[in-house]
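Shown next, in structure tokens, is the structure this report addresses.
The values are calculated or read from the model by the stated rules, or taken from the named source; none is laboratory data. Given the structure is predicted, the values throughout are model-derived calculations rather than measurements. Positions of Cβ are backbone-derived with ideal geometry, glycine not excepted, and every protein chain shown enters the neighbour counts.
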Amino acid sequence: MTEADRKTVSRIGKQLLKEGLTRATGGNVSTRTADETVAISPSGIPYPEIERQDVPVVTMEGEQVSGSDPPSSETPMHTAIYENRPEVGGIVHSHSPYASTFAVLDEPIEGTHYLIAQAGTEIPVAGYAPPGSEDLGRLAAETLGTDYDACLLRNHGVVAVGETLPAALEVAIVVEYVARIHYQALNIGNPEPMAESDLTELRDIFDEYGRH
Ligand SMILES: [Zn+2]
């Protein structure tokens with residue numbers, strides 16, 4: 001089972017690059033395994049070179065139990081989120097440019113395009129903490145809470161979650177898309193956020209849709 005999880009990590013890492021959500025070795029992806037360990041992308045290895053057998057597996061305490069390469073430096077953030085969200089099975093962290101633009105401004109991405117509801121009624125911002133720190137993990141987990149499937153990391157990037165790793169990638173793609181649309185809209189006008197009730201209704205629909 002873990003072998004399939006490692007293969008998924010290798011595959012989705014390459015997808016992250018292909019979708020233009022990251023460059024070189026930036027960002028990281030992980031999946032929760034059936035025995036409550038985490039298969040996560042290795043540190044400092046370009047995505048095209050990550051083979052299934054290289055993918056590190058760590059415990060929820062961050063101890064490496066298999067894989068030849070060291071795990072991503074953002075492992076504490078991944079495990080903090082898994083601990084807080086039992087239903088989350090996959091996490092994508094990227095530095096995608098439009099979403100990161102809002103992250104450096106400390107501005108949440110407002111709900112101006114309906115697709116945002118795949119991730120939340122808005123995309124909130126977690127306060128700054130150094131990359132790779134336990135504090136960053138805590139802040140990200142707190143900001144996601146139980147209501148959001150994505151948040152921004154101040155001065156840094158984005159984290160997206162899903163029931164599976166491919167689902168988390170979909171969320172990361174949609175966050176970058178709505179960030180771009182919102183950015184463009186702000187450049188030529190004053191986009192109004194949608195009504196909270198409409199966003200909540202859409203969120204329920206996407207939740208339902210995601211489960212089937
Ligand atoms: Zn990062």
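At a glance:
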{"read-out": "Odd one out for E170 among (1) more than 12 Å from the chain's Cα centre (by Cα); (2) without any contact (Cβ under 8 Å) to a residue 60 or more places away in the chain; (3) assigned to a helix (DSSP H, G or I)", "value": "(1)"}
{"read-out": "Extreme residue, surrounded by the most Cβ atoms within 10 Å (Cβ to Cβ), among residues of the range 147-168 that are over 11 Å from G90 (Cβ atoms) and more than 16 Å from the ligand (Cβ to nearest atom)", "value": "Y148"}
{"read-out": "In the range 125-144, the residues that are more than 21 Å from G62 (Cα to Cα) and either out of contact with any strand residue (DSSP E or B) (no Cβ under 8 Å at 6 or more places or on another chain) or part of a loop (DSSP other than H, G, I, E, B) (or both)", "value": "G127, Y128"}
{"read-out": "Among the residues listed as E51, E74, the single one being within 16 Å of the ligand (Cβ to nearest atom) and among the acidic types (D, E)", "value": "E74"}
{"read-out": "Unmet requirement for T31, which otherwise passes all of (1) within 16 Å of the ligand (Cβ to nearest atom); (2) crowded, with 20+ Cβ neighbours inside 10 Å; (3) among the polar types (S, T, N, Q)", "value": "(1)"}
{"read-out": "Complete set of residues in the range 117-138 that are under 14 Å from the mean Cα position of the chain (by Cα) and either under 19 Å from G27 (Cβ atoms) or touching a residue at least 60 places away in the same chain (Cβ under 8 Å) (or both)", "value": "Q118, A119, G120, I123, V125, A126, L136, G137"}
{"read-out": "Residues of the range 154-186 that turn out to be closer than 23 Å to A4 by Cβ and among the hydroxyl-bearing types (S, T, Y), as a count", "value": "1"}
{"read-out": "Matching residues in the range 2-42 - criterion: being polar (S, T, N, Q) and modelled with pLDDT of 95 or more", "value": "T8, S10, Q15, N28, S30, T31, T33, T37, S41"}
{"read-out": "Qualifying position, being surrounded by fewer than 21 Cβ atoms within 10 Å (Cβ to Cβ), out of contact with any Asp or Glu (no Cβ under 8 Å at 6 or more places or on another chain) and assigned to a loop (DSSP other than H, G, I, E, B), among E87, E107", "value": "E107"}
